[in-house]
Each structure stands twice: as C-alpha cells, then as structure tokens.
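*Asks:* Before I ask anything, here is the structure I am working with.
The values are calculated or read from the model by the stated rules, or taken from the named source; none is laboratory data. Nothing here was measured: the structure is a model prediction, and the numbers come from that model. Using ideal geometry, Cβ is built from the backbone for each residue, glycine included, and neighbour counts are taken over all protein chains shown.
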Amino acid sequence: MAADAWSVTQDDSEFGFVGTQLGADFEGRFDAFNADIVFSPDDLSGSSVKVVIDIASVDTQNGDRDSQIVSPDWFDAAQWPTAKFETKSFSEVSPGTYQAVADLTIRDVTREVTLPFELAIDGDQAAAIGSVTIKRTDFGVGQGQWTDTSQVGDDVTIVITINATRS
C-alpha cells in the first residue's frame, strides 16, 4: 500500500520549543510553517516529511525575547529566514510509536536528528506528537557573548504536534 499525502490542520498543529534562560524554562512556538507529508505505517520507506518554518513567526509571549531570537546573534532571520526539517527514514519502534531520522537545518547548518513520535490514525485523521532535544550551539544559534551557555542553556527541546487530514 502506497504512502498517503496528508494536509496539516494549521490551527491544531504546532512547532514549539522549550529553552532555559537563567535556569528557568521558557516556551515558544513558530506560528508559520509549511509541511509536505506523505506517510503510511505500511510503507515507511515510501514515507517522507518536509517542513519549512518561518523563523520570523516566533512567539515566546515576550516581545523583547522574540526580537532577540530573530536577531543576527541568534537565528538571524534576515539572512536565514527559514529552518528546515526533512526526513531521511522512518522506523517503527512499537505499534503507534515511530522514529524519524531527519536533516534539521538552522542558520544554514544541517545536522542529523532522530525524532521519536507517537502517531494515531483514525480514518482520514492523524495526530502525531514528538520531541527531540538539540544543542543550539551546534547550529550557531547564539553568537558572541551568547555562545556562553550559562545565561541561556544549550539544550533546546523541539516539540512537534501535528494534526492532519488524508488528502
């Protein structure tokens, strides 16, 4: 059975993240993204996901922090306006639990990540949730004084919630 195309329900989906600043967690999300999803549990080798995230759409509920995040010291949204997530392979860990091996590109730096996720498909509706922790400095996020991770932690957890309809 061939993998199916899925249309993301934008209002019910989120590309979020959790970071630390001065030892306290803060959450954020990117409000604008495009996702091309072709997926079937029965055809993992024929499945693929490509997501392009608009960096300038960041929202951490803190205007000053949002302005800093898009600045040259951080994501440098003027030079690199998007981040990309593109799968290379999928594997089933257990029923309803999968892993995606993908290339994540931020600030024109690409690193391979493994994203574990849970997936539920009910008829033509699908819901997936997963998370992966990356080191922001591996992607050049946090230049100059911000390479020091004592104020803003190096670990950032990316949290993905996707709701989609079979196309």
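*Asks:* Name the residue, out of GLN79, GLN99, that is at pLDDT 95 or above and not in a strand (DSSP E or B). Walk me through it before giving the result.
*Replies:* On the way: GLN99 fails: not in a strand (DSSP E or B).
Result: GLN79 is the single residue among GLN79, GLN99 that is at pLDDT 95 or above and not in a strand (DSSP E or B).
*Asks:* Please enumerate the residues belonging to segment 1-43 that are more than 13 Å from the chain's Cα centre (by Cα), farther than 25 Å from GLU92 by Cα and acidic (Asp, Glu). Show your work before the answer.
*Replies:* We begin by selecting, within segment 1-43, every residue more than 13 Å from the chain's Cα centre (by Cα); these are 1-12, 19-27, 36-43.
Next, only the ones that are farther than 25 Å from GLU92 by Cα stay: 10-11, 19-27.
Matches in segment 1-43: ASP11, ASP25, GLU27.
Matching residues to (1) among the acidic types (Asp, Glu); (2) over 12 Å from the mean Cα position of the chain (by Cα); (3) not in a strand (DSSP E or B):
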| position | (1), (2), (3) |
| --- | --- |
| VAL113 | no, no, no |
| LEU119 | no, yes, no |
| VAL132 | no, no, no |
| GLY142 | no, yes, yes |
| ILE160 | no, no, no |
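*Asks:* So how many residues does segment 7-23 have that are in contact with a helix residue (DSSP H, G or I) (Cβ under 9 Å, 6 or more places away or on another chain) and of a type in the set (A, V, I, L, M, F, W, C)?
*Replies:* 0
*Asks:* Now for a separate question. Condition first: under 13 Å from the mean Cα position of the chain (by Cα), among the polar types (S, T, N, Q) and over 18 Å from VAL70 (Cα atoms). Can you find one or more residues in segment 145-155 that meet it?
*Replies:* Taking every residue of segment 145-155 in turn, none turns out to be under 13 Å from the mean Cα position of the chain (by Cα), among the polar types (S, T, N, Q) and over 18 Å from VAL70 (Cα atoms).
*Asks:* Exactly one condition in (1) farther than 21 Å from VAL51 by Cα; (2) among the β-branched types (Val, Ile, Thr); (3) surrounded by 15 or more Cβ atoms within 10 Å (Cβ to Cβ) is not met by THR147; state its number.
*Replies:* Just one mismatch for THR147, condition (3).
*Asks:* Filter segment 1-10 down to the residues that are part of a loop (DSSP other than H, G, I, E, B) and of a type in the set (Gly, Ala, Ser), then identify the one that is surrounded by the fewest Cβ atoms within 10 Å (Cβ to Cβ).
*Replies:* Among residues in segment 1-10 that are part of a loop (DSSP other than H, G, I, E, B) and of a type in the set (Gly, Ala, Ser), the one surrounded by the fewest Cβ atoms within 10 Å (Cβ to Cβ) is ALA2.
*Asks:* Take the residues in segment 84-97 that are touching a residue at least 40 places away in the same chain (Cβ under 8 Å) and surrounded by 14 or more Cβ atoms within 10 Å (Cβ to Cβ), then tell me which one is nearest to THR133 (Cα to Cα).
*Replies:* Of the residues in segment 84-97, the ones touching a residue at least 40 places away in the same chain (Cβ under 8 Å) are 87, 89-92.
After this cut, where a residue has to be surrounded by 14 or more Cβ atoms within 10 Å (Cβ to Cβ) as well, the list is 87, 90.
Numbers: THR87: 16, PHE90: 18 Å.
Restricting to residues being touching a residue at least 40 places away in the same chain (Cβ under 8 Å) and surrounded by 14 or more Cβ atoms within 10 Å (Cβ to Cβ), the top hit is THR87.
*Asks:* Which of the numbered conditions does ALA77 fail, given that it passes all the others? Conditions: (1) without any contact (Cβ under 8 Å) to a residue 24 or more places away in the chain; (2) under 19 Å from PHE30 (Cα atoms); (3) surrounded by fewer than 18 Cβ atoms within 10 Å (Cβ to Cβ).
*Replies:* The number of the failed condition is (3).
*Asks:* Residue by residue through segment 11-44, note down the ones that are touching a residue at least 40 places away in the same chain (Cβ under 8 Å), outside any loop (DSSP other than H, G, I, E, B) and exposed (fewer than 14 other Cβ atoms within 10 Å of the Cβ).
*Replies:* ASP12, GLN21
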